[in-house]
Every structure is written in structure tokens, then in C-alpha cells.
Amino acid sequence: MPELPEVETTRLKIEPHLKGRRLLRLEHDAPHKYRDTHLAAGRTIATLTRRGKYLFLNLEDPGEEPLELIVHLGMTGGFRFQPTTHTRVTLHLDGSDPLYFQDARRFGKMAVVRPGQYRSMPTLAAMGPEPLSDAFSEAGFVRTVTDAGKMIKPWLLSQGPVAGVGNIYADESLWASRLHPAQTHLTRPEAARLYSAIRDTMRAAVDAGGSTLSDGTYQQPDGMSGLFQTRHNVYDRAGQPCPRCGTPIVRTVLAQRGTHFCPHCQVLRHP
Ligand SMILES: [Zn+2]
């Protein structure tokens, strides 16, 4: 599933194509998945922003109420500059070639809403700070994590303590900070290590264009793969040596998610 680095890479790549352009219409045949898109017809895309794993096309025109076209890529969704066999939505643009949304497994969603109207998207409404923004402070994160005392990996995946961390970047950040994914009651130094690891991992992954896994699902809009998968230390590396100590990486299932860690570097500490 695309996480923050993949969504941010998508945003950076499609922004020059969309910014300042008028959407003529969105063509699709699934109004229950792509809700109220008729409201976006004729509207101008002023900016593209991102929150966690959600992409926003901010529609602004003089004398009209601002609207947001929100996109969640789901498991396999992505924008492409060329149509594919899995094109689900065609964004027709004024004075430019269309942009295509493809989605093999059809878990992606779109909705046009008034800014801040996220009742139908509770994860978005309750999302924590952006990890690469100034709003994500070490002191705030350490306090939040040490006060909560929750099992750390599932809590990261909830998007509550920080936005945009999914399965890949949770496993990588926990390895980098030498924390077991099932650890509860983190100490202050542990939480501070995790804070730095999340920021460093996210920044490096955005710079690398995200991660394209062996299934090849995620691609950048121009069809290029991401490159960060070549730098994964634990994710999808079960049985291969830990880059830090050489111990074989273990894959287990935690809260119904495949979870990768080094049993030597990431020992579960019983508080
Ligand atoms: Zn190790």
C-alpha cells in the first residue's frame, strides 16, 4: 500500500501537470467509490497538498466556494500519464493531456468535499502531525509515546502519533531505532530514537521516489519505479542477514500485518 513517500512522490510528479489547470470533468463508472466528482468539473486546481497517505487537489475559483478533491490510493491505486488496462478514472484537463488514475484492486477512493469536511474519513480527521513538518516535534512525540504505553507498531499504523507511516516504514523505522515492534512502554531515549528514525527514513524514502516492491504495483506517474526498496534493511527481507549484525531477519504477524525485524538488535523488553 502506498505510504507517505509514495504519495508525496506522486504529488511532486503530477503537480506541474495539474497546478493552475482547470478540470473539465472526471470520467469513471463508479460513483460510490469516486464521490461527488461532478462538483469538481470546471474548477481550477490551485494547489496539490498531502496529508499522511491522502492527496488533495485544492479547487479554488474566484467567487466560488473552495472544494477539495481528496484521493486515497488504497492498495494499488496510482496516477499515470498514460492510460493502462486498470484505468478507473480519467481526469480531463483544459489545454493539456488527461491524467489517469489506475487501480488494479479497486480499493482507492476519491471524494469532493468542502475543506475540512472529513466525517466520512475518520482516519484523516484524527491524523497526527506530518513527520517532515515542524509540527512534528521530538518533545511532543516523546511525551505522546511514553504517556500512551501502547504496543508501538500497531499504534504507529493507526496514524495517531504521526501521519503517513504504514507497514514498510514502520518496520524500517523500528529497526533503525532498535525497538521490537511489539514493545510497549517505551522509555524516553527509545522514543527519541524512534522520532529520529521516522524522520530520517521518511526523508530518505521521499528522496528515493518511494518503494516499488516485488509485485511492481507502485510506480511513479511516468512509469518509473521507486528506488528505496534497495535500501530496505528488514522489510521483505526474511531470512536475509541483518545489515547491522548479520542475524537472519524474522518475519512474523503482528496485529494481522506482516512484520519484519532483527531478533538480535530488536529484543522485546518486558517492562
Ligand atoms: Zn541485527
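The values are calculated or read from the model by the stated rules, or taken from the named source; none is laboratory data. Every value quoted in this text rests on a predicted model; they were computed, and no experiment measured them. As a convention, Cβ positions derive from the backbone with ideal geometry for all residues, glycine included, and neighbour counts pool all protein chains shown. Accessible surface is based on the protein model in full, side chains and every heavy atom, while ligands, DNA and RNA are left aside. Shrake-Rupley method; radii C 1.70, N 1.55, O 1.52, S 1.80 Å.
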Please verify whether V165 is β-branched (V, I, T) and not in a helix (DSSP H, G or I), treating the condition exactly as stated.
yes
Screening L186, L179 for residues that are away from the ligand (no atom under 16 Å from the Cβ) and either at pLDDT below 95 or open to solvent by less than 40 Å² (accessible area, probe 1.4 Å) (or both) leaves only L186
Can you pull out every residue in segment 122-152 that is open to solvent by 20 Å² or more (accessible area, probe 1.4 Å) and either closer than 17 Å to L69 by Cβ or among the charged types (D, E, K, R) (or both)?
E130, D134, E138, R143, D147, K150
If I14 passes every condition in (1) farther than 24 Å from R119 by Cβ; (2) open to solvent by 20 Å² or more (accessible area, probe 1.4 Å); (3) part of a helix (DSSP H, G or I) but one, which one does it miss?
(2)
Hey, E172 hits all of (1) open to solvent by 40 Å² or more (accessible area, probe 1.4 Å); (2) within 30 Å of A148 (Cα to Cα); (3) within 16 Å of the ligand (Cβ to nearest atom) but one; which does it fall short on?
(1)
Please go through segment 220-237 and give me each residue that is open to solvent by less than 40 Å² (accessible area, probe 1.4 Å) and more than 16 Å from the ligand (Cβ to nearest atom), ordered by number.
Q220, P221, G226, F228
Which ranges mark the strands (runs of 3 or more DSSP E) fully within segment 39-86 that have 3 or more residues being open to solvent by less than 40 Å² (accessible area, probe 1.4 Å), touching a residue at least 12 places away in the same chain (Cβ under 8 Å) and within 22 Å of A104 (Cβ to Cβ)?
67-72, 77-80
Among the residues of segment 238-264, how many are within 13 Å of the ligand (Cβ to nearest atom) and surrounded by fewer than 19 Cβ atoms within 10 Å (Cβ to Cβ)?
11
Of the residues in segment 38-60, those that are farther than 18 Å from L124 by Cβ and not small (G, A, S) come to H38, L39, R43, T44, I45, E60
